[in-house]
Amino acid sequence: MNIADTPGHEPSHRVMEQAAEWYALMRAGDASAAERLQWQQWFDRAPEHRQAWNYVERIGRRFAPLQSSPDRDAAVSAFRQAAGVAPRRRRQLLLGLAGSLGVGCLGWTAWRQTPLPALASTWGADHRAGVGETRRIALPDGSEVWLKALSAFNADYSDRLRRLQLVAGELLIGTAPDPRRAFVVDTAQGRLQALGTRFTVRQEAGRVLIAVHEGAVRVDTAASGATGIVPAGRQARFTADALDTDAPADLGREAWTRGVLVADDTSLAEVVDELRRYHFGHLGIAPELERLRVFGSYPINDAERALEMLASVLPIRMRRTLPWWISIEPRA
């Protein structure tokens, strides 16, 4: 989870960890007067400190049941168990835990909204997937769409056109034939037209990734009018102004629909970004580890298990400051 909803420069990883440590101490309820004074001095020392503290506090309020439970160990255990199971079962576990803590659906909603910036972008969409969810949607014409966690799209079918609008995240689309109506996907950067196709479309920062698994896809950029066709087995990225030269399609591009994260010389930072979609709470990484190269297949629906596997093959360790706060640090 990033701090995109907080104005100003994002606090450093070190400051974020300091904020989490201070929060854990203050929430424990046994901080001494000297420690409370030290926290206040830290808080007042820099705007970055206050920004980090506000971020931790904001998440903390959404996980308050774990802190206030009379049986905190059982609550934490239930939370960790819920973070590693299928979405429907996870929802049952968390609803049961929330009910036992007296917070009901309000507690569930608060936990679900922990990755605020990403979730906010999907509100109001016709179809969306939340944290840790992979959804399959059957469209009226027989086409199918798989939504990755924290993804959303709108659907607009008419007599002349089958149109999807990518709102956020990543979709895998399998189109059904309909000679009377074209199938298109609109993004902020341009339009994709399916030509008898199974393809992936992913919204990235200022650009779109298109990977074609079957058939072909026509790309028309929004601003420049640049156009091109991406055939099966190829992928390309485009902005509103330009279509990049295509490349071989990533063989693991579809794997997330089966609950697998495939890394092939992928940076650890990119892997962590993917796991954040499936993790309730904060998942941070020390800057010096971001460029570590990762290979292998990992269970994307079980972020904590994936982290354990990464720690077994990389010089990293997991540091849990709070039940919902995990940081990836260099191994001592």
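Odds and ends about this structure:
- So ALA226, is it over 19 Å from ARG135 (Cα atoms), modelled with pLDDT under 95, surrounded by fewer than 21 Cβ atoms within 10 Å (Cβ to Cβ) and in contact with a Phe, Trp or Tyr (Cβ under 8 Å, 6 or more places away or on another chain): yes
- Note on the stretch 121-152: residues that are in contact with a strand residue (DSSP E or B) (Cβ under 6 Å, 6 or more places away or on another chain) and among the aromatic types (Phe, Trp, Tyr) amount to 1.
- Here the condition is being touching an Asp or Glu at 6+ places or on another chain (Cβ under 8 Å), aliphatic (A, V, I, L, M) and crowded, with 16+ Cβ neighbours inside 10 Å; of ALA211, ALA176, ALA194, ALA138, it holds for ALA211 alone.
- Matching entry among ASP273, ASP250, ASP265, ASP302 (being surrounded by fewer than 21 Cβ atoms within 10 Å (Cβ to Cβ), at positive phi and at pLDDT below 95): ASP265
- Within the set GLN189, GLN203, the sole residue that is farther than 30 Å from GLY296 by Cα and either under 26 Å from the mean Cα position of the chain (by Cα) or among the β-branched types (Val, Ile, Thr) (or both) turns out to be GLN189.
- Within the stretch 11-46, the set of residues being surrounded by 14 or more Cβ atoms within 10 Å (Cβ to Cβ) and either farther than 18 Å from HIS282 by Cα or free of Cβ contacts under 8 Å to residues at least 40 places away in the same chain (or both) comprises VAL15, GLN18, ALA19, TRP22, LEU25, MET26, ALA31, GLN38, TRP39, TRP42, PHE43.
- Those strands (runs of 3 or more DSSP E) of the stretch 186-245 that lie entirely within it include none in which at least 2 residues are free of Cβ contacts under 8 Å to residues at least 24 places away in the same chain and under 25 Å from GLU270 (Cα atoms).
- Flag if ALA176 is among the small types (Gly, Ala, Ser), part of a strand (DSSP E or B) and closer than 26 Å to ALA129 by Cα: no
- Restricting attention to the stretch 236-257, the residues that are hydroxyl-bearing (Ser, Thr, Tyr) and within 14 Å of ARG202 (Cα to Cα) add up to 2.
The values are calculated or read from the model by the stated rules, or taken from the named source; none is laboratory data. Predicted model, so just to flag it, every value in this text is computed and none were measured. Neighbour counts run over all protein chains shown; Cβ positions are idealised from the backbone, glycine included.
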